[in-house]
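Here's the structure we're looking at; comments come further down.
The values are calculated or read from the model by the stated rules, or taken from the named source; none is laboratory data. All figures in this text were calculated on a predicted structure; none of them were measured in a lab. For neighbour counting, all protein chains shown are included, and Cβ atoms are generated from backbone atoms with ideal geometry for every residue, glycine included.
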Amino acid sequence: MHTFDTIMHAGETRTGSLHMHDEFMLEFHEGMSPRYTRNPMVYQGKYINVHRDKQGHYQVHLKKMEMNNRLNAFRVVKAILTELLNAKKVLGL
């Protein structure tokens, strides 16, 4: 198996070609290098997004929300806390 400098994990898909030399000999050539995504999003909620940086640290970003008279700040804070705890559980922290 010829891949670009990384080990293939269970459930991962790669683009490439599979060649059959005989009944027992298969050879895979990866077509293109895996695309690098800067700070990939690992959790997306209604109020927060969580990204992972190159060092493996998690960054929590609040989504934009409109501040008006209808906004119940206590309800929003409780929803953000619930999403943070859910993200922590989903990410296995």
Checklist entry - Checking LEU93 against (1) over 23 Å from THR37 (Cα atoms); (2) part of a loop (DSSP other than H, G, I, E, B), which test does it fail? => result (1)
Checklist entry - Looking at region 41-93, which of its residues are of a type in the set (Ser, Thr, Tyr) and over 21 Å from the mean Cα position of the chain (by Cα)? => result none
Next on the checklist: Would you confirm, using the coordinates I've provided, whether LEU62 is without any contact (Cβ under 8 Å) to a residue 12 or more places away in the chain and hydrophobic (A, V, I, L, M, F, W, C)?
Outcome noted: no
Next on the checklist: Name the residue that is modelled with the lowest pLDDT, counting only residues in region 18-74 that are surrounded by 10 or more Cβ atoms within 10 Å (Cβ to Cβ) and among the hydroxyl-bearing types (Ser, Thr, Tyr).
Outcome noted: SER33
